[in-house]
Amino acid sequence: GGFSGGFFPAIIAMTPNGAVYYTVYDRLKTRRLDALLLEREEKEKKAKTLRSKEGNKKLDARHGVPVRVEQGYMMLFGAMAGAAAEFSTYPFEVIRRRMQLQGGQGTMSQVVGRRALRRMTATVRIITKNHGLAGLYIGCLPSVAQVLPSAALGYYSYEMFKIWLDVGDE
């Protein structure tokens, strides 16, 4: 009955949730790596200038060492990506819960297809009529707070295993 009633909005939310999650993390990580590379290049230019003045031809000890995002940033970016994904797709969660509470027969046509889309649209209208657009975000803050630790630790673990297994971003 009610359990399958929110199936359609749950399925619809899955793709954008993952897209936002991975895109935000990747963009944040790329920006940080670019900043780290720029810092390294500036330090190497200064060191090169000093070496040429001193006549020392030693190579920079860091040359060839991969630039990696710091562990704290890994966790911060994971948490930010999780929060962005949760916030952007949260209205689907509200719609899913409301549809499950409405109950019904739960026939296949009510779970997927046009009837499910009509029920979902009607549910959105009811929520926005009674609470405005803010109604689609009722309960969002606790939900985002719940996602933060798992998203932070998930990406931290992912990045640390990549380092441990010596797998690059190439």
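The values are calculated or read from the model by the stated rules, or taken from the named source; none is laboratory data. The model shown is predicted, which means the values in this text are computed figures rather than measured ones. Using ideal geometry, Cβ is built from the backbone for each residue, glycine included, and neighbour counts are taken over all protein chains shown. To get the accessible areas, we keep the full protein, side chains included, count just its heavy atoms, and leave off ligands, DNA and RNA. Shrake-Rupley method; radii C 1.70, N 1.55, O 1.52, S 1.80 Å.
May I ask you to compute the full-extension gain from Phe161 to Arg114, defined as 0.36 nm times their residue separation minus their alpha-carbon distance, rounded to one decimal in nm?
12.5 nm
Report the accessible area of Ser143, computed with a 1.4 Å probe over the heavy atoms of all protein chains in place, in Å² rounded to the nearest 10.
20 Å²
How long is the gain from Ala35 to Ser150 if the chain were fully straight, where each residue apart is worth 0.36 nm and the alpha carbon distance is subtracted?
Length difference between fully extended and current span is 38.8 nm.
Please work out the FRET efficiency for the pair Ser88 and His131, using the Cβ-Cβ distance as r and a Förster radius of 22 Å; give the result to the nearest 0.05.
Rounded to the nearest 0.05, the efficiency is 0.70.
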